[in-house]
Amino acid sequence: MKKFIRPFFMLAAGAMIVSCSDDDNMDRNPVMPSGTAHLYATSHDGSVTRYDINNGETTSYETSSDDAEGIYYDGGDDSFTIVSRSSTSLESYAGIGGLQTGIDLDIDLDLSSSSDLESPRDVAVNGNIYVVADNADVDGDDTTPDGRFFVYTKTSSGFELRNIVTVDFKVWGIEFVGNDLYAVVDTTNMLAVFTNFSSNYMTDMEASASKTVEVEGIVRTHGLDYDGGTMVMTDIGDAGSDADGAFHVITNFDSKFNATMDGGMISVSDQMRVEGGNTNLGNPVNVVYDANYDAVFIAELANGGGRVLAFSEASTSSGNRSPQINNSLSGASAVYFYTE
């Protein structure tokens, strides 16, 4: 596996990074490197790879899963939880910080859910609530868009299925912003929100989004992530192409989203788009954004058979950019960035 040539923060912090609103281009804050900066990446072979951004070290964890997509690291109990497509369940692995680093490790499963899922994709976490997006064709009719959110409660003994929310569109990436759950509308350029999701959707039900908007310029969105007032969404373009992917950065997202009516559009002038041959973006299926580093990390599935990519100065630079990190990872499916 190709490893980092040098710590990423050196690339991102070599200059003053812009952290500002559209209306104030004079506020500039330097990147403040974190003592812990770990990028976790899942693969469709079930493994998890951890990249230490500070020292360039790579550690690979062989899990019980044969196919993983969606990951979350919990600093409270030093565990990562993956969405296993092979066991159709949530799987959690604890005590990661106490393990040897820089090598390949076989690790044991600590907690899991029952095998409730069918075609899981992403996981979003709010406290002890874990929501999994599942895009199985529920009614067996490919012409009818549908998706489900499986809502779990994490306990000391495992993940208990609380309820299932069925929605009228295909799902993929999901993200909590406060108590609101944002979800991409797969096969489209749309973004939906379910307000106060954990408390308003407590039982098995069919539900429509509180609000749905289009994001101009996107062909087919998959991944999304929010931090520090900025939303990042990926565009896989043609799913059969390994070279037409992109990602969109929407700064001041809250005000722009709130100003857009239900069914309206966030215009391309209110975004930045990164695309082109230099990016190595084909099917960027998952993304994480960190406002402190002002960096976008991407799980790229198609280009080169799978890559983990990172772009610094994410909120200020668009166009045909080269990534600062470009690691080969076969079957890359999801990423999560943890700092402290």
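Can you tell me how many residues in region 147-161 are in a loop (DSSP other than H, G, I, E, B) and surrounded by 22 or more Cβ atoms within 10 Å (Cβ to Cβ)?
So in region 147-161, the residues in a loop (DSSP other than H, G, I, E, B) come out as 156-157.
Remaining after also requiring surrounded by 22 or more Cβ atoms within 10 Å (Cβ to Cβ): none.
Number of matching residues: 0.
So which residues in region 181-213 are under 30 Å from D242 (Cβ atoms), assigned to a strand (DSSP E or B) and either hydrophobic (A, V, I, L, M, F, W, C) or under 19 Å from the mean Cα position of the chain (by Cα) (or both)?
Result: Y182, A183, V184, V185, M190, L191, A192, V213.
Does at least one position in region 227-238 carry a residue that is charged (D, E, K, R), part of a loop (DSSP other than H, G, I, E, B) and buried (at least 19 other Cβ atoms within 10 Å of the Cβ)?
Of all residues in region 227-238, those charged (D, E, K, R) come to 227, 235, 238.
After this cut, where a residue has to be part of a loop (DSSP other than H, G, I, E, B) as well, the list is 238.
From what's left, buried (at least 19 other Cβ atoms within 10 Å of the Cβ): none.
Among the residues of region 227-238, not one is charged (D, E, K, R), part of a loop (DSSP other than H, G, I, E, B) and buried (at least 19 other Cβ atoms within 10 Å of the Cβ), which makes the answer no.
Counting only residues that are open to solvent by less than 10 Å² (accessible area, probe 1.4 Å) and closer than 14 Å to Y226 by Cβ, how many does region 180-191 have?
Within region 180-191, residues that are open to solvent by less than 10 Å² (accessible area, probe 1.4 Å) and closer than 14 Å to Y226 by Cβ number 4.
Could you list all residues from region 54-79 that are under 20 Å from F176 (Cβ atoms) and either hydrophobic (A, V, I, L, M, F, W, C) or in a strand (DSSP E or B) (or both)?
First, pick out the residues of region 54-79 that are under 20 Å from F176 (Cβ atoms): 69-77, 79.
The answer is E69, G70, I71, Y72, Y73, D74, S79.
Looking only at region 292-328, which residues are open to solvent by 10 Å² or more (accessible area, probe 1.4 Å), part of a loop (DSSP other than H, G, I, E, B) and either under 18 Å from T251 (Cβ atoms) or among the aliphatic types (A, V, I, L, M) (or both)?
N292, L301, A302, E313, S315, T316, S317, S318, R321
Tell me, please, whether a residue that is surrounded by fewer than 20 Cβ atoms within 10 Å (Cβ to Cβ), assigned to a strand (DSSP E or B) and in contact with a His (Cβ under 6 Å, 6 or more places away or on another chain) can be found in region 272-279.
Yes, because at least one residue in region 272-279 is surrounded by fewer than 20 Cβ atoms within 10 Å (Cβ to Cβ), assigned to a strand (DSSP E or B) and in contact with a His (Cβ under 6 Å, 6 or more places away or on another chain).
If we keep just the residues of region 116-131 that are open to solvent by less than 30 Å² (accessible area, probe 1.4 Å) and small (G, A, S), which is farthest from D74 (Cα to Cα)?
S119
For region 26-53, how many residues are more than 24 Å from D106 (Cβ to Cβ) and either outside any strand (DSSP E or B) or modelled with pLDDT of 95 or more (or both)?
Going residue by residue through region 26-53, those that are more than 24 Å from D106 (Cβ to Cβ) are 26-35, 37, 53.
Filter again for either outside any strand (DSSP E or B) or modelled with pLDDT of 95 or more (or both), leaving 26-27, 30-35, 37, 53.
Qualifying residue count for the region: 10.
If S210 meets every condition in (1) more than 21 Å from M261 (Cβ to Cβ); (2) in contact with a helix residue (DSSP H, G or I) (Cβ under 9 Å, 6 or more places away or on another chain); (3) surrounded by fewer than 20 Cβ atoms within 10 Å (Cβ to Cβ) apart from one, which number is that one?
If we test S210 against (1) more than 21 Å from M261 (Cβ to Cβ); (2) in contact with a helix residue (DSSP H, G or I) (Cβ under 9 Å, 6 or more places away or on another chain); (3) surrounded by fewer than 20 Cβ atoms within 10 Å (Cβ to Cβ), just (1) comes out false.
The values are calculated or read from the model by the stated rules, or taken from the named source; none is laboratory data. Just so you know, these numbers come straight off a predicted model, no measurement behind them. Heads up, the Cβs are rebuilt from the backbone with ideal geometry, glycines too, and the neighbour counts pull from every protein chain shown. These area figures cover heavy atoms from the full protein model, side chains too; ligands, DNA and RNA do not enter into them. Shrake-Rupley method; radii C 1.70, N 1.55, O 1.52, S 1.80 Å.
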